[in-house]
């Protein structure tokens, strides 16, 4: 011990090597200064901290959370008075779980989901929740059960997954905020949604029946899309023909009425002439549409112009009955 003291004294400029054993008190004082210097250096090094941009430093004073250090060079009191716990607040952490739950229509389904989250409060993350992973798993399961339990099996399997995950994330965030967990949920994903093996066959039959139903509905809609326009076209054509027939009938009736009114006036003025003219016009109209005319042979006469025994349009019409 005496030799070590002498060497330390010589190292710091003393003459410990030439001193005798009687100078032990002087060597002890030099060792004290050395120890004090080492303690000061250690305190200085232990008090200086460089907090990375991705981190936050939680300062514990005698084991109790005191403050949070922001990124950059920071100073604290040396240990054991204060100590710093670093927390990465930009790291995306994740957890996953697979649970069985009931849907609204009482169907059993296995949900495989994953949660991604970050730390938004380092102090709360370290000390407000005892087991972060376990708490997060229970909160996620509760949120997923609430979302799945409010929907049918068809909605869960073929519905809008984004809507489900957003609703579950909002429920999780409200629960975690009420626990003051210091966690911010980034996203929750339904990785797999499937029915248990025990009911898979029955579920496949139900899916097939639903597909058959949808196919029948599509066929019916296609048939309706083909038949309804045709029926509408026929309806429009019949209505147009009916309106045209109505208008023509009304116009013809009005014309006949006006013509009869004019004939009545002429008949009052010259009854005999009007009667004969009407007879001749009627016969001319009837005979013009008749390809053959039969006349009684005994009363037939020879035309003085065409020498025909039949009636000739160039001679006056006979007064005998005419048959078609």
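Within the range 76-97, which residues are loosely packed, with under 13 Cβ neighbours inside 10 Å and in contact (Cβ under 8 Å) with a residue 60 or more places away in the chain? If the condition is that a residue be loosely packed, with under 13 Cβ neighbours inside 10 Å and in contact (Cβ under 8 Å) with a residue 60 or more places away in the chain, then 92 is the only one that fits. Scanning the range 188-206 for residues that are part of a helix (DSSP H, G or I) and surrounded by 13 or more Cβ atoms within 10 Å (Cβ to Cβ) turns up 199, 203, 206. Whether a residue is exposed (fewer than 14 other Cβ atoms within 10 Å of the Cβ) and either at pLDDT 90 or above or in contact with a strand residue (DSSP E or B) (Cβ under 6 Å, 6 or more places away or on another chain) (or both) was assessed, and residue 174 passes this test.
For the range 134-156, the criterion of a residue being farther than 18 Å from residue 108 by Cβ, assigned to a helix (DSSP H, G or I) and under 23 Å from the mean Cα position of the chain (by Cα) is satisfied by at least one position. Of the strands (runs of 3 or more DSSP E) lying entirely inside the range 62-115, those containing at least 1 residues that are more than 30 Å from residue 156 (Cβ to Cβ) and not assigned by TED's automatic domain parsing to the domain that holds residue 191 span 64-69, 72-75, 82-88. Only one entry of 145, 151 meets the criterion of being touching a helix residue (DSSP H, G or I) at 6+ places or on another chain (Cβ under 8 Å) and surrounded by 14 or more Cβ atoms within 10 Å (Cβ to Cβ), and that entry is 151. Are any of the residues in the range 180-192 out of contact with any helix residue (DSSP H, G or I) (no Cβ under 9 Å at 6 or more places or on another chain) and without any contact (Cβ under 8 Å) to a residue 12 or more places away in the chain? The answer is no; no qualifying residue exists.
Results for (1) modelled with pLDDT under 90; (2) not in a loop (DSSP other than H, G, I, E, B), shown as yes or no for each residue.
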| position | (1), (2) |
| --- | --- |
| 39 | yes, yes |
| 42 | yes, yes |
| 46 | yes, yes |
| 53 | yes, no |
| 59 | no, yes |
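When you check residue 185 against the structure, is it over 24 Å from residue 211 (Cα atoms) and part of a helix (DSSP H, G or I), yes or no? Spelling it out, it is not the case that residue 185 is over 24 Å from residue 211 (Cα atoms) and part of a helix (DSSP H, G or I).
Among the residues of the range 242-250, are any part of a helix (DSSP H, G or I), exposed (fewer than 10 other Cβ atoms within 10 Å of the Cβ) and over 29 Å from the mean Cα position of the chain (by Cα)? Among the residues of the range 242-250, not one is part of a helix (DSSP H, G or I), exposed (fewer than 10 other Cβ atoms within 10 Å of the Cβ) and over 29 Å from the mean Cα position of the chain (by Cα), which makes the answer no.
Suppose we filter the range 108-142 for residues that are surrounded by fewer than 17 Cβ atoms within 10 Å (Cβ to Cβ), at pLDDT below 90 and in contact with a helix residue (DSSP H, G or I) (Cβ under 9 Å, 6 or more places away or on another chain); how many remain? So the count comes out to 1.
The values are calculated or read from the model by the stated rules, or taken from the named source; none is laboratory data. Since the model is a prediction, treat every value here as computed from it, not as a measurement. All Cβ positions, even for glycine, are placed from backbone atoms using ideal geometry, and neighbour counts span all protein chains on display.
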